[in-house]
Amino acid sequence: MMRVLSLERVGRRYGSPPRQVVALDEVSLTVEAGEMLAVMGPSGSGKSTLLQLAGGLTRPTSGRVVLCGSELGTLRETELSLVLRRRVGFVFQDINLLAALTAAENVSLPLELDGVRPRQAMAAARALLSTLGLGDVAGRLPAQLSGGQQQRVAVARAVIGGRSLLLADEPTGALDSLSAESVMQLLRAQTDNGSAVVLVTHNFRHAAWADRILCLRDGRLIDEVRPPAGPESLLSRERV
């Protein structure tokens with residue numbers, strides 16, 4: 001398996017003593033292609049900071065973040081932007097769809113930014129939305145979609161173009177159980193197709209879709225476990 005993401009003794013601090021805040025403290029982890037990693041922990045444990053560092057949205061105070069062989073901390077801003085746009089897809093809890101664009105236009109945008117012709121990008125976006133059961137709403141604006149539909153569109157935007165790494169920050173937090181399950185199925189499918197996925201969640205049921213679960217507390221990695229059974233087994237037990 002190819003290593004997609006590596007954090008090596010990564011720390012992130014804000015401010016200076018005596019009021020310095022340690023958001024992440026010497027965390028090391030790796031994620032390979034075709035692997036889903038779930039990150040759990042109480043509020044303030046460093047989960048969102050970890051995702052921001054993994055996605056190059058902030059730089060570490062110490063340690064190294066390596067994405068697909070590139071150490072992010074050594075890249076110039078233009079180089080970093082290029083690597084992130086081509087390699088990383090983000091899925092946020094608050095969705096962040098562009099309100100003035102239709103569902104299909106939101107999904108096609110990353111391809112157009114990569115230089116794909118608009119007509120070809122739009123065709124790929126509509127095809128992907130159709131596979132997600134959203135073909136009939138491709139021409140609607142985000143305000144005309146349900147919360148579950150919006151989140152699935154956001155996931156489609158993150159995965160289109162075959163991104164190497166997907167970072168999902170509580171992507172099911174505001175969804176009903178049925179919509180949340182459809183989002184988890186999509187993330188798992190992308191994992192099985194070769195993407196590396198890092199999922200932040202408070203939901204143990206959703207964490208069970210992952211290959212490994214990391215537990216953070218006070219910015220430190222305190223435990224790593226593997227779910228004893230896959231999500232299908234968990235769902236079967238819940239239906240009994």
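The values are calculated or read from the model by the stated rules, or taken from the named source; none is laboratory data. What you see is a predicted model; the values in this text were computed from it and never measured. All Cβ positions, even for glycine, are placed from backbone atoms using ideal geometry, and neighbour counts span all protein chains on display.
Within the stretch 90-120, if we keep just the residues that are over 19 Å from the mean Cα position of the chain (by Cα) and assigned to a loop (DSSP other than H, G, I, E, B), the residue that is surrounded by the fewest Cβ atoms within 10 Å (Cβ to Cβ) turns out to be Gly115. Quick one: in the stretch 174-205, which of the residues that are in a helix (DSSP H, G or I) and touching a Ser or Thr at 6+ places or on another chain (Cβ under 6 Å) is nearest to Met36 (Cα to Cα)? Of everything passing the filter in the stretch 174-205, Val183 is nearest to Met36 (Cα to Cα).
Just one of the listed residues (Pro17, Pro60, Pro42) is in contact (Cβ under 8 Å) with a residue 60 or more places away in the chain and farther than 23 Å from Asp114 by Cβ, namely Pro42. Once the stretch 155-173 is narrowed to residues that are in a helix (DSSP H, G or I) and touching a Pro at 6+ places or on another chain (Cβ under 9 Å), the residue that is surrounded by the most Cβ atoms within 10 Å (Cβ to Cβ) is Arg157. Considering only residues in the stretch 96-120 that are under 15 Å from Leu141 (Cβ atoms) and polar (S, T, N, Q), the one that is modelled with the lowest pLDDT turns out to be Asn96.
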